[in-house]
Amino acid sequence: MFKLLLWYTFLTLLTDAISDHLHICQHRISMKEGFYVYDADCSNYDDQALAKARFNEDRELWIRNGTIENIRQLLNGSLYDITNLKITNFAQEGSSSIAVFPIDSMRFSILDLSNDGIEKLEITEDDYRLTHLDVRKNKLTEIGNVRHLIKLESLKVDNNAIESVSLDDFKSLWDLLVLSLAGNRISSITATEEVSLLKLRSIDISDNQLTTLDVSLWKFPQVSTFYLHDNSLAKIDGLRGKFSRTWDISMGGRNNWDCAWFDRLLEFLKSDRQFAMQMFGDKPSCPDQTRMDGFVCCNNTTNDITQ
């Protein structure tokens, strides 16, 4: 029997924000007569109501369409027992953006802070519970002390203003499965010693400003998805022997690969495993003779994949 997921929609989420109020929804999935039922209980809370409110730990809590002056006070009060929390879209009109957000992963396991106008994350040394952190569409210029989030499985920092990344900050994230840094201003990804993320499955560094990339100190043996389209790359240094399990790879867009290097890469990939070369967007505007496989631009300088 097919199990269906039924959604109870709530149009009030789309209404205008009420000053000094928070619109909070509690979500829970339950089973009823063989069907998965997703229910939501949504209400507006002022300061007085929040002081008395108690929320169930087994539910996902979603806060949106509101204003709040002291996010720390709220987190230390009514939300103390919640482990799955979404605070989203505070950067939209009618809400107040959150300039600094305190990450307390001793309490939360799943935290979605997308589109909140966050400029800085406060991550303390005793954080250990958080498994999923989503801070897409904010104003972050650096990721922060993510090395303290040792239980993290998924980190999504897309569409911020980050210019550089040190993989040294990720060395203690033994359980990391997904790392997404797309749509930033990243011009350098560095490491001072070998970084071993033995469980990592997916890397997305697409739509950045990388002109060089050296992966010689990356030890990510389980990566199956690697997206690096829409940078300004000509080659990848230290690639030999890396990413032996990668089958889904994107390299097109604004990159302008060295033709000989890219041809050797394709031979290596095709002889080593089954792989899918993803195409994103329109075909590039480079001349036909410098177009590889129809969608990747290249030039005729000489490099070697053995580097």
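The values are calculated or read from the model by the stated rules, or taken from the named source; none is laboratory data. Values in this document were obtained by computation on a predicted structure and should not be read as measured data. Note that each Cβ is placed from the backbone with ideal geometry, even for glycine, and that neighbours are counted across all protein chains shown. Accessible surface areas use protein heavy atoms only, side chains included; no ligands, DNA or RNA. Shrake-Rupley method; radii C 1.70, N 1.55, O 1.52, S 1.80 Å.
So which of LYS86/LYS151; LYS139/LYS242; LYS242/LYS270; LYS52/LYS137; LYS120/LYS235; LYS120/LYS219 end up more than 25 Å apart by C-alpha?
LYS139/LYS242; LYS52/LYS137; LYS120/LYS235; LYS120/LYS219
Mean 1/r over all different Cα pairs, inverted: what Kirkwood radius does segment 102-253 give, in Å?
Radius from the Kirkwood sum: 15.6 Å.
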With all distinct Cα pairs included, what does the Kirkwood hydrodynamic radius of segment 169-231 come out to in Å, to one decimal, could you say?
-> 12.1
If you rank TRP261, TRP174 by how much accessible surface each has, with a 1.4 Å probe, what is the order from largest down?
-> TRP174, TRP261
Would you mind checking segment 181-201 for residues with the amide N under 13 Å from a putative spin-label position 7 Å along Cα→C-beta of ASP248?
-> 201
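Give, in nm to one decimal, the length gained when the segment between GLN209 and GLN222 is fully stretched (0.36 nm per residue of separation minus the Cα-Cα distance). Can you show the working numbers first?
Working: separation 13, 0.36 × 13 = 4.68 nm, distance 2.57 nm.
Length difference between fully extended and current span is 2.1 nm.
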Quick one: order LYS86, LYS270 from most to least accessible surface, probe 1.4 Å.
-> LYS270, LYS86
Probe 1.4 Å, heavy atoms of protein chains only: per residue, the accessible area of segment 161-280 in Å² is 43
State to the nearest 20 debye the size of the charge dipole of segment 94-220 about its Cα centre, where the only charges are +1 on K and R beta carbons and -1 on D and E beta carbons.
-> 260
Could you state the number of Å between the C-alpha centres of segment 89-140 and segment 242-266?
-> 34
